[in-house]
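A quick write-up on the structure given underneath.
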Amino acid sequence: MPKPISLRASEAACLDALRSGTERQALIAMRAGLNLPRTKAALRTLASLKLAIIDRDHTWHVTRQGMAARILIAPTVRTRGRPPETALVPGTSAARLMALLDRPRRGAELVELLGVTRQRVHQLVVALSARGLIRSADPNYPTFVIALKDDPSTLLLQEQERVLSAFPEAHATTLSKIALVTPMYRGKVDTIAESLVKTGLIEKTGIATYGDLYQLTAAGLAHWQRSPTARHADIPPPPFRSDRVREVLLHLESQGPTRTRDVGYRLEIPQPSINALMQYLKRKNAVRTQTDLRRAPYELTPDGLEMLSAMKRQAGDVATA
């Protein structure tokens, strides 16, 4: 059995972080509960023992030896001089940073308010995160958006912010339109939109020609990370552009289940034309019959109601343009 390797507590904590798959130095520091200088020193020791290696892109990885090694925590030995900094105390830049977090802020904003370098803010954020005093929207980019640990505000990742900012203020759009202006591939936009629905920032409101319609909620419109100057997605066309289709859907909405010939008679549509139109709407899942009888009345489906709502909105937009 291999002989155990004696490590300091900080070195063992960094090794545990590496074994869990954490690769970036800042993330290792936060997971290990250390500041950046102690993390850097611990990683250098692990590298000298061939328990860890660093790539050209400055990411750290545990070696096979580091993954298999048995570790003993060495007792702390007192030495003369000032002890290494393990925590940040009130009265330092850390306390000033926390005082500024009366609301979530970006790291760039904190640099300006504190009058320090970006690197210093990065060090402070990592150290305070390690102590569980603040949280970051994106662990991979700790200074992107920061808030106090107990701040209930929803913090968005960079890609979530981009998608949220792409929504028009007062209109619904499709995720395909969002993908065009972000730009992101459609699968990623779908995943991000799902997360924004769960947080109550967008909601599904209907159906368009090429997919479901989504719109900002009041919370999404007011969210501080939404950029009002970002390029907005276009408003998609309604599922049907025919005035005749709109008249049929409006008639079924107001009259309820109606037989095909009665719809044609009321709207003055020839019988062959109304028969073909109702079959078309049935294939589009806009209308349905409750029975399979030949002359069963048609009614709007939930999708049909949403399609009609989209057409009404479109008509209102055109009227006010």
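The condition of being of a type in the set (Ser, Thr, Tyr) and closer than 28 Å to residue 285 by Cβ holds for only one of 191, 154, that being 191. Of the residues making up the range 185-200, none is modelled with pLDDT under 95 and crowded, with 18+ Cβ neighbours inside 10 Å. Among the residues making up the range 99-108, those that are assigned to a helix (DSSP H, G or I) and under 22 Å from the mean Cα position of the chain (by Cα) are 107, 108.
For residue 116, the criteria (1) at pLDDT 90 or above; (2) at positive phi hold in every case but one, which is (2).
Table: residues versus (1) assigned to a loop (DSSP other than H, G, I, E, B); (2) in the same structural domain as residue 36 (by TED's automatic domain parsing); (3) of a type in the set (Lys, Arg); (4) over 21 Å from residue 37 (Cα atoms).
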| site | (1), (2), (3), (4) |
| --- | --- |
| 97 | no, no, no, no |
| 111 | no, no, no, no |
| 116 | yes, no, no, no |
| 129 | no, no, no, no |
| 132 | yes, no, no, no |
| 135 | no, no, yes, no |
| 138 | yes, no, no, yes |
| 142 | yes, no, no, no |
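The set of residues in the range 139-168 being more than 20 Å from residue 211 (Cβ to Cβ), among the charged types (D, E, K, R) and out of contact with any strand residue (DSSP E or B) (no Cβ under 7 Å at 6 or more places or on another chain) consists of 150, 151, 161.
Output the strands (runs of 3 or more DSSP E) that fall wholly within the range 208-321 and possess 1 or more residues being at pLDDT 95 or above, surrounded by 15 or more Cβ atoms within 10 Å (Cβ to Cβ) and within 37 Å of the chain's Cα centre (by Cα), or say none.
On the way: elements: 211-216, 287-289, 298-300.
The strands (runs of 3 or more DSSP E) meeting that bar are 211-216.
Scanning the range 156-206 for residues that are in contact with a Pro (Cβ under 6 Å, 6 or more places away or on another chain) and of a type in the set (A, V, I, L, M) yields a count of 0. Scanning the range 164-175 for residues that are surrounded by 15 or more Cβ atoms within 10 Å (Cβ to Cβ), of a type in the set (Gly, Ala, Ser) and modelled with pLDDT under 95 gives a single hit, 172.
Looking at the range 1-73, the helices (runs of 4 or more DSSP H) lying wholly inside it that each contain 3 or more residues that are buried (at least 17 other Cβ atoms within 10 Å of the Cβ) sit at 9-19, 25-32, 36-48.
The values are calculated or read from the model by the stated rules, or taken from the named source; none is laboratory data. Computed from a predicted structure; not experimentally measured. Counting neighbours? That spans all protein chains shown, and the Cβs are built from the backbone with ideal geometry, glycine included.
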